[in-house]
Amino acid sequence: MATFLITGGAGFIGSNLVQHALDRTADRLVVVDKLTYAGSLANLEGPLKDPRVTFVRADIGDRAAMTRLFDEHRPDAVLNLAAETHVDRSIDSPQAFIDTNVVGTFVLLETARQFVARGRDAFRFLHVSTDEVYGTLGPSGQFSEETPYAPNSPYAASKASADHLVRAYFHTYGLPVLLTNCSNNYGPFQFPEKLIPLMILNAVEGRPLPIYGDGGNVRDWLHVEDHCEGILLALHKGRPGEKYNIGGGNERTNLQIVEKICELVDRMQPAAPGASPRRALKTFVPDRPGHDRRYAIDASKIRRELGWTPRHTFEDGLEATVRWYLEHRDWCEQVQQGHYDRQRLGLG
Ligand code: NAD
């Protein structure tokens with residue numbers, strides 16, 4: 001039985017990954033999370049009942065705490081998902097992005113390097129990153145693992161910095177690292193500041209649906225469970241020092257996403273008699289500064305080398321996600337309370 005240390009495990013992807021790993025492996029999981037506004041133990045209610053899961057509240061930038069964790073749990077792998085993740089917040093207050101995404105990753109790498117130096121075979125450091133490090137695409141083309149980095153937001157720049165450090169620790173110190181760069185995720189437990197949950201909740205409550213710019217920005221959507229599967233495959237079968245792009249090949253404009261959500265909410269929870277359909281709530285607002293126009297991932301390497309294939313179609317995945325948010329309004333209230341009122345962020 002292996003022990004995996006999952007940082008950021010109380011966030012959206014982290015909590016899905018914890019559940020995914022419990023369902024598919026016999027491993028022990030040590031979940032490390034600072035519990036910022038984006039992390040909540042409400043995301044881990046099921047997993048925390050499992051004796052294989054230990055939760056530790058800690059900051060990945062706290063060197064003493066990380067050293068204690070490694071010494072106590074002697075992990076076979078670290079899966080680093082802890083991060084500040086909202087581009088809009090990175091425009092308003094970039095400091096936390098540098099502290100966690102850059103310095104925090106550096107502290108984890110250093111702790112892992114010293115742990116391995118004290119004698120640890122078959123250790124792995126898997127760092128979860130994003131397609132945003134590659135910058136923006138025109139109307140055609142895709143990001144491959146060889147695409148040069150060109151980050152355009154403080155969030156993307158902080159993730160790119162961390163990726164460079166991860167790579168350097170392989171080449172300089174031989175630390176067995178793996179890097180995954182994934183496209184936009186959707187699914188249960190995503191904090192309601194992100195596009196899909198924000199639009200679902202505003203639509204059901206009859207609040208305006210803010211669409212940045214002309215709504216034509218394209219993202220390549222992937223269900224979070226398919227991302228989790230890719231992470232575990234990279235961990236078990238990936239070659240140290242390699243990076244793997246993960247993406248669903250589901251390119252949609254933000255406007256298409258909002259219109260589909262309106263349709264689904266109208267169907268699942270019809271508006272009051274006489275009320276307008278949800279699409280009447282669409283409101284075009286000033287664009288995000290530095291807003292990347294298009295992302296698209298070439299995932300052929302992870303498909304070819306590790307046998308990864310996504311299981312969810314976008315249509316079914318989105319429908320299930322809308323249903324999940326409509327059925328978990330208490331969770332939505334609980335995680336937003338005192339942190340977020342769905343106000344506009346990121347105008348600089
Ligand atoms: P999230 O914001 O939902 O969760 C981040 C978690 O990290 C939270 O639980 C938070 O409390 C924790 N955290 C923040 N700072 C910390 C610190 N200093 N120490 C310990 N824990 C800390 O994010 P997410 O969407 O689940 O993203 C997870 C990872 O996946 C991130 O690295 C992100 O860059 C990457 N990623 C996300 C997406 C996406 O679409 N959401 C796509 C590709 C890659």
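The values are calculated or read from the model by the stated rules, or taken from the named source; none is laboratory data. Since this is a predicted model, take the numbers as computed values, not measurements. Cβ: placed from backbone, ideal geometry, glycine included. Neighbour counts: every protein chain shown. All accessible areas refer to the heavy atoms of the entire protein, side chains included, with ligands and DNA or RNA removed. Shrake-Rupley method; radii C 1.70, N 1.55, O 1.52, S 1.80 Å.
Each row is one residue, and each column tells you yes or no for (1) within 15 Å of L179 (Cα to Cα); (2) open to solvent by less than 50 Å² (accessible area, probe 1.4 Å); (3) of a type in the set (K, R); (4) in contact with a Gly (Cβ under 9 Å, 6 or more places away or on another chain).
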site: G215; (1), (2), (3), (4): no, yes, no, no
site: R279; (1), (2), (3), (4): no, no, yes, no
site: A296; (1), (2), (3), (4): no, yes, no, yes
site: F314; (1), (2), (3), (4): no, yes, no, yes
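Can you tell me how many residues in the stretch 122-157 are outside any strand (DSSP E or B), hydrophobic (A, V, I, L, M, F, W, C) and open to solvent by less than 20 Å² (accessible area, probe 1.4 Å)?
Keep residues of the stretch 122-157 that are outside any strand (DSSP E or B), which gives 122-123, 131-142, 144-157.
Narrowing further to those that are hydrophobic (A, V, I, L, M, F, W, C): 122-123, 133, 137, 150, 156-157.
Then keep just the ones that are open to solvent by less than 20 Å² (accessible area, probe 1.4 Å); that gives 123, 133, 156.
The qualifying residues number 3.
Of the residues in the stretch 13-39, how many are open to solvent by less than 30 Å² (accessible area, probe 1.4 Å) and either more than 7 Å from the ligand (Cβ to nearest atom) or part of a helix (DSSP H, G or I) (or both)?
12
What are the residue pairs meeting all of these: first residue in the stretch 4-27, first residue within 16 Å of L222 (Cβ to Cβ), second residue of a type in the set (S, T, Y) and crowded, with 24+ Cβ neighbours inside 10 Å, Cβ atoms under 7 Å, and 6 or more apart or on different chains?
Cβ pairs passing all conditions: none.
Only one of (1) in a helix (DSSP H, G or I); (2) out of contact with any Pro (no Cβ under 8 Å at 6 or more places or on another chain); (3) within 15 Å of the ligand (Cβ to nearest atom) is not met by S90, so which one is it?
(2)
Condition test on N185, is it at negative phi and in contact with a His (Cβ under 7 Å, 6 or more places away or on another chain)?
yes
Are there any pairs with C-beta distances below 8 angstrom linking a residue in the stretch 310-339 that is under 15 Å from M268 (Cβ atoms) to a residue that is open to solvent by 60 Å² or more (accessible area, probe 1.4 Å), with the two at least 6 apart or on different chains, and if so which?
L318/K260; L326/Q269
Looking at (1) closer than 26 Å to F125 by Cβ; (2) open to solvent by less than 20 Å² (accessible area, probe 1.4 Å), which is the only condition G174 fails?
(2)
Looking at (1) of a type in the set (A, V, I, L, M); (2) within 26 Å of L198 (Cβ to Cβ); (3) modelled with pLDDT under 95, which is the only condition L44 fails?
L44 satisfies all of (1) of a type in the set (A, V, I, L, M); (2) within 26 Å of L198 (Cβ to Cβ); (3) modelled with pLDDT under 95 except (3).
Which ones in the stretch 51-82 are outside any strand (DSSP E or B), open to solvent by 40 Å² or more (accessible area, probe 1.4 Å) and more than 19 Å from A162 (Cα to Cα)?
Of everything in the stretch 51-82, those that are outside any strand (DSSP E or B), open to solvent by 40 Å² or more (accessible area, probe 1.4 Å) and more than 19 Å from A162 (Cα to Cα) turn out to be P51, R52, A64, T67, R68, D71, E72, R74, D76.
For the list (1) loosely packed, with under 15 Cβ neighbours inside 10 Å; (2) closer than 24 Å to C228 by Cβ, I need the number of the one condition that G119 fails.
Evaluating G119 over (1) loosely packed, with under 15 Cβ neighbours inside 10 Å; (2) closer than 24 Å to C228 by Cβ leaves (2) as the failure.
How about the stretch 182-212: which of its residues are more than 26 Å from E229 (Cα to Cα), of a type outside the set (G, A, S) and open to solvent by 10 Å² or more (accessible area, probe 1.4 Å)?
Answer for the stretch 182-212, where residues must be more than 26 Å from E229 (Cα to Cα), of a type outside the set (G, A, S) and open to solvent by 10 Å² or more (accessible area, probe 1.4 Å): V204, E205, R207, P208, P210, Y212.
Go through (1) assigned to a helix (DSSP H, G or I); (2) away from the ligand (no atom under 15 Å from the Cβ); (3) under 28 Å from K237 (Cα atoms); (4) touching a helix residue (DSSP H, G or I) at 6+ places or on another chain (Cβ under 8 Å) for L175 and report which single condition fails.
If we test L175 against (1) assigned to a helix (DSSP H, G or I); (2) away from the ligand (no atom under 15 Å from the Cβ); (3) under 28 Å from K237 (Cα atoms); (4) touching a helix residue (DSSP H, G or I) at 6+ places or on another chain (Cβ under 8 Å), just (1) comes out false.
Output the number of residues of the stretch 1-12 satisfying the condition of being assigned to a loop (DSSP other than H, G, I, E, B) and of a type in the set (A, V, I, L, M, F, W, C).
3
Among the numbered criteria (1) touching a residue at least 40 places away in the same chain (Cβ under 8 Å); (2) touching a Pro at 6+ places or on another chain (Cβ under 9 Å), which one does A38 miss?
Of everything listed in (1) touching a residue at least 40 places away in the same chain (Cβ under 8 Å); (2) touching a Pro at 6+ places or on another chain (Cβ under 9 Å), A38 misses just condition (2).
Among the residues of the stretch 93-106, which ones are more than 10 Å from the ligand (Cβ to nearest atom) and of a type in the set (V, I, T)?
I98, V102
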